[in-house]
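Heads up: the structure comes next, in structure tokens.
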Amino acid sequence: MAASTLASGRRRPFVMRASGLFGAAAMCALIVGSAQAENRADPVAAAAPDPLYNPPAVGDRDFSTGALADPAATPAPAATAPAQSQPPAPELTNLAPLPAAVMATLGDPAFKLSQGDRDALKTFYAARQGAPFWISNDRFTDKAEAAKARIAKAAEDGLDPKAFKLPAPPADATPSEVAQAEIRMSVAALAYGRQAWGGRITPSSISPLVTAQPTPFDAQAALASLDQSHDVAATLDGFNPQHPQFQELRKLLAAARGAQGEVQELPRIPAGKLLEPGGEDPRVPALRKRLGLSGAPDDLYYDSELEQAVVAFQKQNKIGASGLVNKVTIRALNAGSHPRGDAELIELNMERWRWMPRDLGAKHVFVDIPVFRLHIMEDGRSTYDTRVIVGKATNQTPVFSDEIDHIVVNPYWNVPSTIALKEMQGSSLRGFEVVDSRGRKVEDFSWEDVKANRVRIRQPPGERNALGHIKFMFPNKHSVYLHDTSSRSLFEKSARAMSHGCVRVDRPLEFADALSGDQGLSGSKLKSMIGGKERSLTLSRKIPVHLTYFTAWVDPNGKLETRDDLYGLDGRLRLALRGEPLPPLPKDEAPRVIAKPKPKPKPAPAPEETVASAVPAPAPERPKSVNWIHRLFGVDSR
């Protein structure tokens, strides 16, 4: 999503191309089986499959990568009939020795299998009366050998080949030995398919705010698709995400691994004052080397050649192409200065694509958190994009998918109790009201009542409301949403991680036009409702929304674009993929009620002060109220 090419609020079409249609048999089978799998106790999460779509005309450009459709691309294998999940196992009687050995092995607790795989394999093989499909005449078939060869290349998919135990040929022709080789081949295929489909890591193990939930992997449907496949390598490949970005990252992975040994340590740029073109600074030689330019070690002058290199770096990293080397630019320069290797970064983001729904929706909202952008996608085209403000590192925007189902005009802002306790105690509540659970105003309350959620603080609709005039709702466990804001100037900043987790949208009425104008809820209609009471408007069709976190992206020229790891999630995911323990996340300090100090007892007045006390003392100067809202949303925001 080359955000630098997209002006705020500008409509610009891009075309999605099919970057290699996938193994249709695998996909059809898992489409049918995913609904049944949701109700089974399979421990691995995965994602719902994409519907097949027609490739674009030659020369059309892909939104995600900018790549042109290839007229010479080899067509995918023809789709076979959808594989259905198997019915209850039939009665097994008078089986031949090998099928009997297959069923006996599956029923033997000494043969180690996960319970999910054991149940799926029992049902699958029972439906075929125990007949093997990987082995014929006591040896692996060509299909089995092709499957083993494809699984052995799992590293090309960003997976670890050592995770899949490929079976050796049967040591002898005894039914027991042959049956075990058959089952081990099925287990290896399932293990590959499961990881390729839904990833190696449970997303929420990285952070409780990463709650992407791929749909369960349907083992029975996967086995059926492999059984029916005429090109088992393509079917296995089809378990991987078919999103163009995943496919483009996979293409770059091999090259990145080849260059891994050539990665050199680059100099870090020390923090300091703003570095401007035309000035001198002792950091200039390090900056020049960091950006691949030559120069004398004692040349401290920031010349035009260096300025052009800085601007190009800033454009690539979506941090504002000013040529000024500020804190944001230095952080981005240093983030790429160590030899982490692009291969590892690519693998991290390929894993994240496995957490995404396979079907993003014919029309959907794509929030790209690390680059502070939002896109509306329709049939693979970006029809609208705009700037957004996302959560700061201490109040991160969560990563998950949901559906926008209604819009609220003239919203109340119900202040979360944690924000109220941390930010509002001791400050003026002017412009706010306190209400009970029924929405009735409360005059007398304590902060203990707020902490216990017996009352809540809310800001009425109006020009000063922190949510602006409109919010776009997709009810979720994180209580986040997309919304307007009364502070326009904050969108001019290049780094926009400033919110408490919600996503603030620049030009929300334009966004509404693109989002729901075809449902009769255009920006002009919503604008006519601004002012007065809160109004909730239900969409006739829900629209998927994806809050995403990708720190590597393939740009329109096929180059790898790296993004700032705003929330420090790359390091945690890296450890998880290596199988290393994750350090504990920093715990938020529980909000506390500030105890009011007990008043000191007044001493009895001395006799000579009795008359004087009758004279009124001058009124103490009233302290100025603290504008806490500035602390929350910025100096000029609410």
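The values are calculated or read from the model by the stated rules, or taken from the named source; none is laboratory data. Keep in mind the model is a prediction, meaning the values are calculated, not measured. Quick reminder, even Gly has a Cβ in these numbers, built from the backbone with ideal geometry, and neighbours come from all protein chains shown. To get the accessible areas, we keep the full protein, side chains included, count just its heavy atoms, and leave off ligands, DNA and RNA. Shrake-Rupley method; radii C 1.70, N 1.55, O 1.52, S 1.80 Å.
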Has region 399-413 got any residue that is without any contact (Cβ under 8 Å) to a residue 60 or more places away in the chain, polar (S, T, N, Q) and either open to solvent by 20 Å² or more (accessible area, probe 1.4 Å) or closer than 26 Å to ASP368 by Cβ (or both)?
-> no
State whether one or more residues within region 184-191 are in contact with a helix residue (DSSP H, G or I) (Cβ under 9 Å, 6 or more places away or on another chain), surrounded by fewer than 23 Cβ atoms within 10 Å (Cβ to Cβ) and free of Cβ contacts under 8 Å to residues at least 12 places away in the same chain.
-> no
If you scan region 414-457, which residues turn out to be open to solvent by less than 60 Å² (accessible area, probe 1.4 Å) and over 30 Å from ILE530 (Cβ atoms)?
-> LEU421, GLN425, PHE445, SER446, TRP447, ASP449, ALA452
Going by the conditions given, is GLY532 open to solvent by 20 Å² or more (accessible area, probe 1.4 Å), touching a residue at least 60 places away in the same chain (Cβ under 8 Å), at positive phi and in a loop (DSSP other than H, G, I, E, B)?
-> yes
Answer yes if at least one residue in region 375-384 is open to solvent by 40 Å² or more (accessible area, probe 1.4 Å), assigned to a strand (DSSP E or B) and closer than 19 Å to ALA512 by Cα, and no otherwise.
-> yes
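Restricting to region 574-596, name every residue that is over 30 Å from ALA420 (Cβ atoms) and either among the charged types (D, E, K, R) or free of Cβ contacts under 8 Å to residues at least 40 places away in the same chain (or both).
Taking region 574-596 first, the residues over 30 Å from ALA420 (Cβ atoms) are 574-583.
ARG574, LEU575, ARG578, GLY579, GLU580, PRO581, PRO583 - these are the residues of region 574-596 that are over 30 Å from ALA420 (Cβ atoms) and either among the charged types (D, E, K, R) or free of Cβ contacts under 8 Å to residues at least 40 places away in the same chain (or both).
Give the number of residues within region 470-503 that are under 18 Å from ILE530 (Cα atoms) and of a type outside the set (Asp, Glu).
Restricting attention to region 470-503, the residues satisfying the condition of being under 18 Å from ILE530 (Cα atoms) are 470-473, 482-488.
After this cut, where a residue has to be of a type outside the set (Asp, Glu) as well, the list is 470-473, 482-483, 485-488.
Of the residues in that region, 10 qualify.
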Out of the residues in region 89-109 that are more than 13 Å from ILE183 (Cβ to Cβ) and under 42 Å from the mean Cα position of the chain (by Cα), which is surrounded by the most Cβ atoms within 10 Å (Cβ to Cβ)?
-> ALA89
Across region 535-544, what is the number of residues that are open to solvent by 90 Å² or more (accessible area, probe 1.4 Å) and touching a residue at least 24 places away in the same chain (Cβ under 8 Å)?
-> 3
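Count, please, the residues in region 539-579 that happen to be among the aliphatic types (A, V, I, L, M) and not in a strand (DSSP E or B). Reasoning before the result, please.
Filtering region 539-579 down to residues among the aliphatic types (A, V, I, L, M) leaves 539, 543, 545, 547, 552, 554, 560, 566, 569, 573, 575-577.
Then drop every residue that is not not in a strand (DSSP E or B), which leaves 566, 569, 573, 575-577.
Count: 6.
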Determine the pairs where a residue that is surrounded by fewer than 18 Cβ atoms within 10 Å (Cβ to Cβ), located within region 498-522, has a partner that is of a type in the set (Val, Ile, Thr) and in a helix (DSSP H, G or I) with Cβ atoms under 9 Å apart, the partner being 6 or more residues away or on another chain.
-> none
Only one of (1) of a type outside the set (Phe, Trp, Tyr); (2) under 29 Å from PRO214 (Cβ atoms); (3) in contact with a Pro (Cβ under 8 Å, 6 or more places away or on another chain); (4) loosely packed, with under 14 Cβ neighbours inside 10 Å is not met by LEU547, so which one is it?
-> (4)
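Somewhere in region 184-198, is a residue assigned to a loop (DSSP other than H, G, I, E, B) and either more than 22 Å from the chain's Cα centre (by Cα) or at pLDDT 95 or above (or both)? Quick ask: steps written out before the conclusion?
Initially, region 184-198 is screened for residues assigned to a loop (DSSP other than H, G, I, E, B), giving none.
Within region 184-198 (the criterion being assigned to a loop (DSSP other than H, G, I, E, B) and either more than 22 Å from the chain's Cα centre (by Cα) or at pLDDT 95 or above (or both)), the answer is no, since none of the residues qualifies.
If I go through region 428-457 residue by residue, how many of them are β-branched (Val, Ile, Thr) and in a helix (DSSP H, G or I)? I'd like the intermediate steps shown before the answer.
If we filter region 428-457 for residues that are β-branched (Val, Ile, Thr), which is where we start, we get 434-435, 442, 450, 455, 457.
Subsequent filtering for residues that are in a helix (DSSP H, G or I) retains 450.
Number satisfying all stated conditions: 1.
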Region 479-497: number of residues that are acidic (Asp, Glu) and open to solvent by 70 Å² or more (accessible area, probe 1.4 Å) = 1
May I ask you to verify whether ALA393 is in contact (Cβ under 8 Å) with a residue 60 or more places away in the chain, open to solvent by 40 Å² or more (accessible area, probe 1.4 Å), touching a helix residue (DSSP H, G or I) at 6+ places or on another chain (Cβ under 8 Å) and in a loop (DSSP other than H, G, I, E, B)?
-> no
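Residues of region 468-518 being farther than 30 Å from VAL325 by Cα and part of a strand (DSSP E or B), which ones?
Step one: filter region 468-518 for residues farther than 30 Å from VAL325 by Cα, giving 468-484, 508-518.
Correct list: ILE470, LYS471, PHE472, MET473, LEU482, HIS483.
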Any idea how many residues of region 206-249 are over 27 Å from the mean Cα position of the chain (by Cα), of a type in the set (S, T, N, Q) and surrounded by fewer than 22 Cβ atoms within 10 Å (Cβ to Cβ)?
-> 1
Does region 462-478 hold any residues that are at pLDDT below 95 and either among the polar types (S, T, N, Q) or over 23 Å from VAL545 (Cβ atoms) (or both), and which are they?
-> GLY462, GLU463, ARG464, ASN465
From the option list PRO605, PRO597, PRO620, single residue qualifying as modelled with pLDDT under 50, more than 30 Å from ARG200 (Cβ to Cβ) and open to solvent by 60 Å² or more (accessible area, probe 1.4 Å) is PRO597
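Which count do you get for residues in region 402-427 that are assigned to a loop (DSSP other than H, G, I, E, B) and in contact with a Ser or Thr (Cβ under 6 Å, 6 or more places away or on another chain)? Talk me through it step by step, then tell me what you get.
First, pick out the residues of region 402-427 that are assigned to a loop (DSSP other than H, G, I, E, B): 410-412, 416, 425-427.
If we keep only those that are in contact with a Ser or Thr (Cβ under 6 Å, 6 or more places away or on another chain) as well, we get none.
Qualifying residue count, region 402-427: 0.
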Top-ranked residue of region 215-246 - restricted to ones that are part of a loop (DSSP other than H, G, I, E, B) and among the hydrophobic types (A, V, I, L, M, F, W, C), ranked as farthest from THR141 (Cα to Cα) | PHE217
Quick one: TRP353 ticks every box in (1) touching a Pro at 6+ places or on another chain (Cβ under 8 Å); (2) over 30 Å from ARG194 (Cα atoms); (3) open to solvent by less than 20 Å² (accessible area, probe 1.4 Å) bar one, so which box is it?
-> (2)
Only listed residue being under 26 Å from LEU345 (Cα atoms), under 26 Å from the mean Cα position of the chain (by Cα) and open to solvent by 10 Å² or more (accessible area, probe 1.4 Å), chosen from PRO161, PRO203 = PRO161
Kindly list the number of the only condition in (1) in a loop (DSSP other than H, G, I, E, B); (2) closer than 23 Å to ASN240 by Cβ; (3) open to solvent by 60 Å² or more (accessible area, probe 1.4 Å) that fails for ASP172.
-> (2)
